[in-house]
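J.: Let me begin by handing over the structure; questions about it come next.
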Amino acid sequence: MDSGTLASIKAAMAGEGSPLARMLNALALLREALGPKSWVGLYVYEEKTNKLNLGPFQGSPACVSIRPGKGVVGTCYAAKKPLYVDDVNEFPGYVSCDACVKSEACFPLFAGDDVIGVLDVDSPELDGLKGDLTILMAVAHLFEG
């Protein structure tokens, strides 16, 4: 992935349409850049249920909700810091939503000091996102409140 991809995603987020339409287009651009077997999406925290619920995404069907502290998404949320797992099979308590996933990167999304969700990116290759982490972090910041 290159800086052109980031520029396209920024343009999609600032473009026309509803916030949901802009998010979906940005996620589609991100998935297109990563490859058709990748998965990209948002999990949004709901205080009432204390769960991270599936939000906009691009890719195969996914887990509908994840508890804070569970799996890569929940651990990222609870720690309030990005998390990269080069081999999901080595991650204690990994929550598998798709057997094809080999590596995963998650980025907390902040509104002020509060984490409101997580950008989740899955790759079908071991260590498949290592070269994209800087751009993925920049993309995550575009989704913050």
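No value in this document is a laboratory result; all are computed from the given coordinates. This is a predicted model, so every value here is computed, not measured. Using ideal geometry, Cβ is built from the backbone for each residue, glycine included, and neighbour counts are taken over all protein chains shown.
J.: Between A33, A78, A111, find the one with the highest GNM mean-square fluctuation for the chain; connect C-alpha pairs within less than 10 Å.
T.: It is A111.
J.: Now for a different question. How much length is gained if the chain between E46 and E144 is pulled fully straight, taking 0.36 nm per residue apart and subtracting their Cα-Cα distance, in nm to one decimal? Please report the intermediate quantities before stating the final value.
T.: Values: separation 98, 0.36 × 98 = 35.28 nm, distance 1.56 nm.
Difference between extended and current length: 33.7 nm.
J.: Something else: For the chain, just give the cysteines left without a disulfide-compatible partner, judged by no other Cys Cβ under 4.7 Å.
T.: Isolated Cys, the chain: C100.
J.: What does the charge count around A78 come to, taking other residues whose C-beta lies under 12 Å from its C-beta (Lys +1, Arg +1, Asp -1, Glu -1)?
T.: Working: positive: R67, K70, K80, K81; negative: none.
Once all neighbours under 12 Å are counted, the net charge is +4.
J.: Below 22 Å Cα-Cα, how many Lys pairs turn up in the chain? Only count pairs eight or more apart in sequence, or on different chains, if you could.
T.: Lysine pairs satisfying the spacing and distance rule in the chain number 15.
J.: Using the basic label-point model (7 angstrom from Cα toward the beta carbon), what is the D2 to K80 distance in nanometres?
T.: In this crude label model, D2 to K80 measures out at 3.8 nm.
J.: Within 10 Å of each residue's Cβ, count the other Cβ atoms and sort V64, V44 from fewest upward.
T.: Working: V64 11, V44 15.
The fewest-first ordering by Cβ neighbours comes to V64, V44.
J.: Taking neighbour Cβ counts within 10 Å as the exposure measure, how do L83, L52 sort from fewest upward?
T.: Values: L83 18, L52 29.
With the fewest neighbours first, L83, L52 line up as L83, L52.
J.: Report the gain in length on full extension from T134 to N53: 0.36 nm times residue separation, minus Cα-Cα distance, nm rounded to one decimal. Intermediate values should be presented prior to the final figure.
T.: Values: separation 81, 0.36 × 81 = 29.16 nm, distance 2.52 nm.
Here the answer is 26.6 nm.
J.: Order by neighbour count: S65, S103, S60, fewest other Cβ atoms within 10 Å first, most last.
T.: Numbers: S65 16, S103 22, S60 13.
Arranged by neighbour count, lowest to highest, S65, S103, S60 become S60, S65, S103.
J.: Okay, moving on. Based on the Cβ-Cβ distance from L20 to D127, what FRET efficiency comes out when R0 is 25 Å, to the nearest 0.05? Before the final figure, lay out the partial values.
T.: Numbers: r = 32 Å, r/R0 = 1.29.
Here the calculated transfer efficiency is 0.20.
J.: Let me ask something else. 7 Å from Cα along Cα→Cβ at both D98 and K10: what's the point-to-point distance in nm?
T.: Placing both labels 7 Å along Cα→Cβ, they lie 2.8 nm apart.
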